[in-house]
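Working notes, structure below.
The values are calculated or read from the model by the stated rules, or taken from the named source; none is laboratory data. Given the structure is predicted, the values throughout are model-derived calculations rather than measurements. Quick reminder, even Gly has a Cβ in these numbers, built from the backbone with ideal geometry, and neighbours come from all protein chains shown. Side chains included, ligands, DNA and RNA excluded: accessible areas come from the protein's heavy atoms. Shrake-Rupley method; radii C 1.70, N 1.55, O 1.52, S 1.80 Å.
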Amino acid sequence: MAAPTMTLPALPHWEETPADLKAAIREIKVALRARIAASGRTVDEVFTVVERRIRAEVEDIAAARERGETVWPVIEWSDIAAGTVSPEQLALLRRRGCLVVRGHFEREQALGWDRDIVDYVESNRFFENYRGPGDDFFGSVGSKPEIYPIYWSPAQMQARQSDRMATVQAFLNAQWKHESEGGRWFDPGRDSLYPDRIRRRPEGADSNGLGTHLDPGTLDLWMTEAYQRAFRHLFDGTVEEYDPWDAAYRTAGPQYPGSTMCSAFRTFQGWTALSDMAHDQGVLHTVPIPGAMAYLMLRPLLSDVPDDDMCGVTVNQVFPANERWHPLLMEALSGIPDVQAGDSVWWHCDMIHSVAPVRSQRGWGNVMYIPAAPWCPRNEAYAENIRAAFASGESPNDFPPEHYERTWPNRFQAANLSPTARRGLGLQ
């Protein structure tokens with residue numbers, strides 16, 4: 001559909017968290033509906049376009065399951081390194097928005113990192129000093145612990161700064177449109193070094209998993225000017241032009257602070273396996289439809305949602321996705337295939353995801369979280385905090401202030417930073 005030629009009404013925006021959330025929700029919903037109406041279409045018409053597209057994707061995923069196919073794309077590390085990923089594989093990656101990189105690291109390398117992490121925490125008496133979960137979100141898994149608030153182990157830093165990781169991150173960043181609307185939104189060939197935690201789930205463990213949610217933001221996705229521009233096609237009558245791979249306006253705007261926020265712009269969230277994991281042992285699931293974000297953003301504007309409600313989205317909580325408001329999306333929830341130590345798993349930053357519960361887990365379930373977070377204004381600003389946390393051994397600002405590693409003498413040292421890591425920290 002051609003872009004409207006008329007001038008559409010401006011949207012109110014709040015660059016900081018509104019003091020009265022319910023009043024702000026009511027105001028923005030009225031304004032968004034009015035803007036869509038001024039384009040000559042109704043909210044229902046626009047949502048129907050999105051719903052039709054999503055339904056086709058859900059049906060395609062169901063058909064793949066019936067054929068016994070793996071819903072998640074799987075790409076060999078060797079093909080990424082050699083530049084021989086086929087056009088068909090690239091098309092499936094962009095359609096599904098997720099992938100497993102098989103053999104990203106040698107299996108023995110990953111198993112060695114797993115052993116090194118155990119040595120690292122045990123040598124510093126982590127378990128004797130562990131104070132319990134530092135946040136309510138990961139605290140829900142019931143681990144003792146499952147998520148380790150550890151950031152600066154030699155193993156984690158070696159993986160983050162490796163050439164193999166940089167190669168995969170650049171490949172993933174390149175799936176995005178980083179130049180559009182007259183701007184260059186990020187550098188696809190340079191990643192910021194975003195430190196995250198590790199997960200170690202032991203054999204025989206019971207875990208409650210994590211419910212379906214997504215992480216790009218909360219109410220700021222509707223209420224800040226930058227995000228309103230990022231999702232412009234959803235609100236101006238040109239929904240057919242919405243591109244979930246366009247980074248325009250997403251890499252510099254403000255975010256509402258909260259206990260679950262991510263200060264960085266990530267093209268893909270990801271983790272690297274440190275153990276072998278079977279597909280039915282409490283693994284990651286996603287709704288592998290990048291365009292589902294359009295459904296999630298427009299759904300609160302329909303008439304069955306209360307005027308002061310955004311389908312449960314609010315600040316200081318993750319963005320929920322559920323059967324009540326998003327039943328069509330839940331039909332597509334798909335788990336990863338079996339993975340081996342050294343494989344890595346990646347999913348588009350806007351993608352709904354969850355971790356399945358498990359009882360009496362068979363085998364270990366160990367991962368280190370490493371995303372693709374290309375160099376951009378938002379990530380450059382956060383790099384200042386990362387540099388300070390690295391120097392002091394503290395927890396980075398995006399995470400609970402637990403600071404276990406402050407006095408650990410064997411944490412990774414600045415003298416061992418590679419050129420890739422120095423660029424990722426903004427040191428060169």
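Among the residues of segment 47-56, count how many are open to solvent by 40 Å² or more (accessible area, probe 1.4 Å) and in contact (Cβ under 8 Å) with a residue 60 or more places away in the chain. Please lay out each step first, then the result.
Taking segment 47-56 first, the residues open to solvent by 40 Å² or more (accessible area, probe 1.4 Å) are 48, 51-53, 55-56.
From what's left, in contact (Cβ under 8 Å) with a residue 60 or more places away in the chain: 51, 53, 55.
The number of residues fulfilling the criteria is 3.
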* In segment 286-304, what residues are of a type outside the set (Gly, Ala, Ser), crowded, with 16+ Cβ neighbours inside 10 Å and in contact with a Phe, Trp or Tyr (Cβ under 9 Å, 6 or more places away or on another chain)? -> 286, 288, 289, 290, 293, 295, 296, 297, 298, 299, 300, 301
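Quickly run through segment 382-400 and pick out the residues that are surrounded by fewer than 18 Cβ atoms within 10 Å (Cβ to Cβ) and either touching a residue at least 12 places away in the same chain (Cβ under 8 Å) or not hydrophobic (A, V, I, L, M, F, W, C) (or both). Quick ask: steps written out before the conclusion?
Applying the first criterion (surrounded by fewer than 18 Cβ atoms within 10 Å (Cβ to Cβ)) to segment 382-400 yields 384-385, 387-388, 391-393, 397, 400.
Answer for segment 382-400, where residues must be surrounded by fewer than 18 Cβ atoms within 10 Å (Cβ to Cβ) and either touching a residue at least 12 places away in the same chain (Cβ under 8 Å) or not hydrophobic (A, V, I, L, M, F, W, C) (or both): 384, 385, 387, 391, 392, 393, 397, 400.
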* Are there any pairs with C-beta distances below 9 angstrom linking a residue in segment 207-219 that is modelled with pLDDT under 95 and outside any strand (DSSP E or B) to a residue that is among the basic types (Lys, Arg) and open to solvent by less than 20 Å² (accessible area, probe 1.4 Å), with the two at least 6 apart or on different chains, and if so which? -> 216/250
* Condition met for residue 3 (open to solvent by 40 Å² or more (accessible area, probe 1.4 Å), in contact with a Ser or Thr (Cβ under 6 Å, 6 or more places away or on another chain) and either at pLDDT below 95 or over 28 Å from residue 253 (Cβ atoms) (or both)) -> yes
* Unmet criterion (only one of (1) open to solvent by 60 Å² or more (accessible area, probe 1.4 Å); (2) within 23 Å of the chain's Cα centre (by Cα)) for residue 103 -> (1)
* **Of the criteria (1) open to solvent by 90 Å² or more (accessible area, probe 1.4 Å); (2) outside any helix (DSSP H, G or I); (3) closer than 25 Å to residue 309 by Cβ, which one residue 44 fails** => (2)
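Restricting to segment 185-206, and then to whatever is of a type in the set (Gly, Ala, Ser) and surrounded by fewer than 22 Cβ atoms within 10 Å (Cβ to Cβ), can you tell me which residue is farthest from residue 402 (Cα to Cα)?
Taking segment 185-206 first, the residues of a type in the set (Gly, Ala, Ser) are 189, 192, 204-205.
With the extra rule that they be surrounded by fewer than 22 Cβ atoms within 10 Å (Cβ to Cβ), the set shrinks to 189, 204-205.
On the way: 189: 33, 204: 28, 205: 24 Å.
Selected residue: 189.
Among strands (runs of 3 or more DSSP E) lying entirely in segment 325-428, which contain 3 or more residues that are under 17 Å from the mean Cα position of the chain (by Cα) and within 30 Å of residue 295 (Cβ to Cβ)?
On the way: elements: 344-348, 353-355, 365-369.
By residue number, 344-348, 353-355.
Restricting the search to segment 401-428, which residues are of a type outside the set (Ser, Thr, Tyr) and either crowded, with 17+ Cβ neighbours inside 10 Å or touching a strand residue (DSSP E or B) at 6+ places or on another chain (Cβ under 7 Å) (or both)? Outline the logic, then answer.
Going through segment 401-428, the residues of a type outside the set (Ser, Thr, Tyr) turn out to be 401-403, 405-406, 408-417, 419, 421-428.
Passing the criteria: 402, 405, 408, 411, 412, 417, 421, 423, 424, 425, 426.
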* Asked: Out of all the residues in segment 166-182, which are open to solvent by less than 30 Å² (accessible area, probe 1.4 Å) and within 21 Å of residue 263 (Cα to Cα)?
  -> 169, 172, 173, 176
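With out of contact with any Cys (no Cβ under 7 Å at 6 or more places or on another chain) and either of a type in the set (Gly, Ala, Ser) or at pLDDT below 95 (or both) as the only criterion, which of 27, 51, 69, 59 stands out?
Values: 27 fails: either of a type in the set (Gly, Ala, Ser) or at pLDDT below 95 (or both); 51 fails: either of a type in the set (Gly, Ala, Ser) or at pLDDT below 95 (or both); 59 fails: either of a type in the set (Gly, Ala, Ser) or at pLDDT below 95 (or both).
On inspection, the qualifying residue turns out to be 69.
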* Asked: With respect to the numbered conditions (1) open to solvent by 40 Å² or more (accessible area, probe 1.4 Å); (2) in contact with a His (Cβ under 7 Å, 6 or more places away or on another chain), which one is the sole condition not fulfilled by residue 97?
  -> (1)
* Asked: Within segment 30-40, can one find any residue that is among the polar types (S, T, N, Q) and in a helix (DSSP H, G or I)?
  -> no
* Could we say that residue 115 is open to solvent by 60 Å² or more (accessible area, probe 1.4 Å), in a helix (DSSP H, G or I), farther than 24 Å from residue 274 by Cβ and at pLDDT 95 or above here? -> no
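Working only within segment 337-352, note down all residues that are within 30 Å of residue 108 (Cβ to Cβ) and surrounded by 21 or more Cβ atoms within 10 Å (Cβ to Cβ).
So the first thing to find is which residues in segment 337-352 are within 30 Å of residue 108 (Cβ to Cβ), and the list is 337-347.
Hits for segment 337-352 are 339, 341, 342, 343, 344, 345, 346, 347.
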* To do: Please tell me if residue 256 is among the aromatic types (Phe, Trp, Tyr) and assigned to a loop (DSSP other than H, G, I, E, B).
  => yes
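Which residues, counting only those in segment 66-112, are part of a loop (DSSP other than H, G, I, E, B) and small (Gly, Ala, Ser)?
Here is the first cut: in segment 66-112, the ones part of a loop (DSSP other than H, G, I, E, B) are 67-73, 83-86, 97, 103-106.
Residues satisfying the conditions are 68, 83, 86, 97, 103.
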* To do: Quick one: which residue in 233, 279 is open to solvent by 10 Å² or more (accessible area, probe 1.4 Å) and within 23 Å of residue 205 (Cβ to Cβ)?
  => 279
* Asked: Out of curiosity, is residue 76 open to solvent by 80 Å² or more (accessible area, probe 1.4 Å), of a type in the set (Asp, Glu), in contact with a strand residue (DSSP E or B) (Cβ under 6 Å, 6 or more places away or on another chain) and within 30 Å of residue 270 (Cα to Cα)?
  -> yes
* To do: Tell me, yes or no, whether segment 315-325 has at least one residue that is in contact with a Phe, Trp or Tyr (Cβ under 6 Å, 6 or more places away or on another chain) and open to solvent by 10 Å² or more (accessible area, probe 1.4 Å).
  => yes
